[in-house]
Amino acid sequence: MTANDEYILEILESVGLINREQGRAAREAAQAEDKNVIETLSASGAVSKMDILKALANQFGMETITLTGLEIPQDVLDMVPGEVARRYKIVPVFKNDNMLTVALSDPLDVETLDSLRYVLKCNVEGVVAPAEEIETALNHYYAHSGTTVESMLEEITEGTVAMPTGGQILAGEGEVTEADAPIIKLVSLIIMEAFRNRASDIHLEPLAKKFRVRYRIDGVLHEVDSPPKRLQSAVISRLKIMGNMSIAEKRLPQDGRIQINVMGRDLDLRVSSIPASHGESIVMRILDKQSLALGLPQLGFFSDDQQTFERLIGLSDGILLVTGPTGSGKTTTLYACLNYINRPDRKIITVEDPVEYQMSGINQVHVRTDIGLTFAAALRSILRQAPNIIMIGEIRDMETAEIAVNASLTGHLVFSTLHTNDAPSAIIRMIDIGVKPFLVASSTRAIMAQRLVRKTCEKCKEPYKATDAELRLLGPAAHQLAQAQLFRGKGCSDCNFTGYRGRLGIFEIFIINDEVRHMIFERVSATELRSKARGLGMRTLREDGLRKVVAGVTTLPEVLRVTMGDEG
């Protein structure tokens, strides 16, 4: 809680938007969740964010504005360079003689207006708009302003960059020369544009005749402007230096980490390099710390599944498994669970390889196999730390599985992940690893399989009817959608003309009861377990996906794409 937050609460209470009890609850929630009171109040439903902004704007004699649907003239946009608009997070909206009106999200931020008057050499007044609309407007109007990767590549001519000799280029900050500066700038721009485009990964792939760069956005790879092949060694060397990796070693895979500030956000980049036929392939996973504070509703749960899941993660002991292939959001779900149950009266320890996000109030152990700190070794030690809750990044072998089972049977709640296609298969996988069936049955409380589907863009959503081909692919489930009103995105600047923006989960929750435990004792097949789970009311991944199609939050092709191999 800052002094500004206290001031905001005083204003809202004085104008009657909230009462004293709501103010007190907002203070406590903001302190516990490390958020500002505007986010806390709007999330709780006590008052809308727009009503808060209107009250604050009135207090300072300012007006509020909605940027959605507003067409800003080019001569107004030209008054503020793109780098200035992004630095101060403002959007110019009107001009009248020598007076420029800009939209900003914080009416208390008088310093920004003073700075703009000095930088732009004109009179500036402010109006208030929601931060989300300002960010959208910046991406729309200033998407190609300033320096981009494309313009940077045009600037780098044959003689601009010194080519690497003997593995010495960019060997350290002290050896960076003027000839290296364009590469440093180019690498920074590649990372910045990936962040602007909401990419989760950056792939730099040396091919026979090109050096390909691709961004993974909402789970789908998109190729972008790529540097010429001659810059391949210099770009890879720069990234390895940033990630504290050896540039001399080009024969073995390496892992590194880059910490960087992009547009005011602290990002961690997990870097992996592997030797390929035409050079070293680099993949960078972008870990945005602000995305960590996801609540369970933001994961994609409908209210009934959320209530079930909240009850499960509130248990005192047992194992809860999250399953799915790589990139299906398992780690994000586990972090959201820990965030939800993280309280001062609980001790939580995680064992991860690697620790992807730092979480306050939680003890996180980074596995290091090179010194013998394996999952199993770490687990044996942390049990002596008397935790209430343990999170294991992944159950990979019998030793880890047995320790996890024993921990759950001695009064600990254990979260972990497995790589299986559906929830019932996780039981068979645990037994295949070597855990005795009666231990699996006794310790496992529930298993949740999940996938990620792209969300329909809200800005360009339009109704449509499912095609006959799509309905045929659905098989018996087609009757659910035959008469339903479906939605899809037609493509706009906000979603980069894909029709999708963001992702959410579809889930399959398998609760282990006494009947299922008896079946596990009998070592029945995954097919029989799945049939029993369906009989007990478990919705499959596709069925949960179809609910979200009918609700208009995703599309039928998306659900078919991620569940095609999961329906028998």
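Worth pointing out:
- Subset of the stretch 479-514 (residues that are free of Cβ contacts under 8 Å to residues at least 12 places away in the same chain and under 28 Å from residue 423 (Cα atoms)): 479, 514
- The stretch 429-442, subset part of a helix (DSSP H, G or I) and of a type in the set (Gly, Ala, Ser), residue least open to solvent (accessible area, probe 1.4 Å): 441
- Set side by side, the residues 517, 501, 523, 542 differ, and just one is surrounded by fewer than 20 Cβ atoms within 10 Å (Cβ to Cβ) and in contact with a strand residue (DSSP E or B) (Cβ under 9 Å, 6 or more places away or on another chain), which is 517.
- Residue 487 satisfies every condition listed in (1) open to solvent by 10 Å² or more (accessible area, probe 1.4 Å); (2) not in a strand (DSSP E or B) except (2).
- Residues in the stretch 341-350 that are open to solvent by 20 Å² or more (accessible area, probe 1.4 Å) and either at pLDDT below 85 or over 19 Å from residue 299 (Cβ atoms) (or both): 343, 344, 345, 346, 347.
- Sole exception among (1) modelled with pLDDT of 85 or more; (2) part of a loop (DSSP other than H, G, I, E, B); (3) open to solvent by less than 50 Å² (accessible area, probe 1.4 Å) for residue 337, by number: (2)
- Any hit, the stretch 221-228, residues being open to solvent by less than 50 Å² (accessible area, probe 1.4 Å), of a type outside the set (A, V, I, L, M, F, W, C) and under 27 Å from residue 503 (Cα atoms): yes
- Search result, residues across the stretch 452-470 that are under 28 Å from the mean Cα position of the chain (by Cα), of a type in the set (Ser, Thr, Tyr) and modelled with pLDDT under 90: none
- Taken over the stretch 365-386, the residue count meeting the criterion of being in contact with a strand residue (DSSP E or B) (Cβ under 7 Å, 6 or more places away or on another chain) and either under 17 Å from residue 345 (Cα atoms) or acidic (Asp, Glu) (or both) is 1.
- Residue within the stretch 443-465 that is outside any strand (DSSP E or B), over 30 Å from residue 546 (Cβ atoms) and open to solvent by 20 Å² or more (accessible area, probe 1.4 Å) present: no
Condition check ((1) within 26 Å of residue 334 (Cα to Cα); (2) not β-branched (Val, Ile, Thr)) across all residues:
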residue	(1), (2)
464	no, yes
473	no, yes
502	yes, yes
520	yes, no
526	yes, yes
544	yes, yes
552	no, yes
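- Options 558, 508: the member that is over 25 Å from residue 469 (Cα atoms), under 21 Å from the mean Cα position of the chain (by Cα) and buried (at least 22 other Cβ atoms within 10 Å of the Cβ): 508
- Extreme residue, modelled with the lowest pLDDT, among residues of the stretch 51-71 that are among the polar types (S, T, N, Q) and assigned to a loop (DSSP other than H, G, I, E, B): 68
- Cβ-Cβ contacts under 7 Å between residues 6 or more apart (or on different chains), taken from a first residue in the stretch 181-195 that is closer than 21 Å to residue 285 by Cβ to a second residue that is among the aromatic types (Phe, Trp, Tyr) and open to solvent by less than 20 Å² (accessible area, probe 1.4 Å), are listed as 194/215.
- Residues that are open to solvent by 30 Å² or more (accessible area, probe 1.4 Å) and of a type in the set (A, V, I, L, M, F, W, C), drawn from the stretch 351-391: 365, 371, 373, 383, 386
- Residue that is nearest to residue 185 (Cα to Cα) [pool: residues in the stretch 233-257 that are assigned to a helix (DSSP H, G or I) and open to solvent by 20 Å² or more (accessible area, probe 1.4 Å)]: 238
- Given (1) of a type in the set (Val, Ile, Thr); (2) at pLDDT 85 or above; (3) over 28 Å from the mean Cα position of the chain (by Cα), number of the condition residue 187 does not satisfy: (3)
- Of all residues in the stretch 392-413, one or more are under 20 Å from residue 333 (Cα atoms), outside any strand (DSSP E or B) and open to solvent by 60 Å² or more (accessible area, probe 1.4 Å).
- Filter pass, residue 426 being part of a helix (DSSP H, G or I) and surrounded by 22 or more Cβ atoms within 10 Å (Cβ to Cβ): yes
- Output for the stretch 437-484, where each listed residue is within 29 Å of residue 519 (Cβ to Cβ) and touching a strand residue (DSSP E or B) at 6+ places or on another chain (Cβ under 7 Å): 443, 444, 445, 446, 447, 448, 449, 450, 451
- Test: residue 202 is buried (at least 16 other Cβ atoms within 10 Å of the Cβ), at pLDDT below 85 and either not in a loop (DSSP other than H, G, I, E, B) or not charged (D, E, K, R) (or both): no
- Selection within the stretch 77-104 - touching a residue at least 40 places away in the same chain (Cβ under 8 Å) and either farther than 22 Å from residue 139 by Cα or not aliphatic (A, V, I, L, M) (or both): 81, 82, 83, 86, 89
- Being hydrophobic (A, V, I, L, M, F, W, C) and open to solvent by 60 Å² or more (accessible area, probe 1.4 Å) is a property that holds for residue 473.
The values are calculated or read from the model by the stated rules, or taken from the named source; none is laboratory data. This one's a predicted model, so the numbers in the text were calculated from it and none came from an experiment. Here the Cβ is made from the backbone with ideal geometry for all residues, glycine too, and neighbour counts use every protein chain on show. Surface areas here come from the heavy atoms of the whole protein model, side chains and all, with no ligands, DNA or RNA. Shrake-Rupley method; radii C 1.70, N 1.55, O 1.52, S 1.80 Å.
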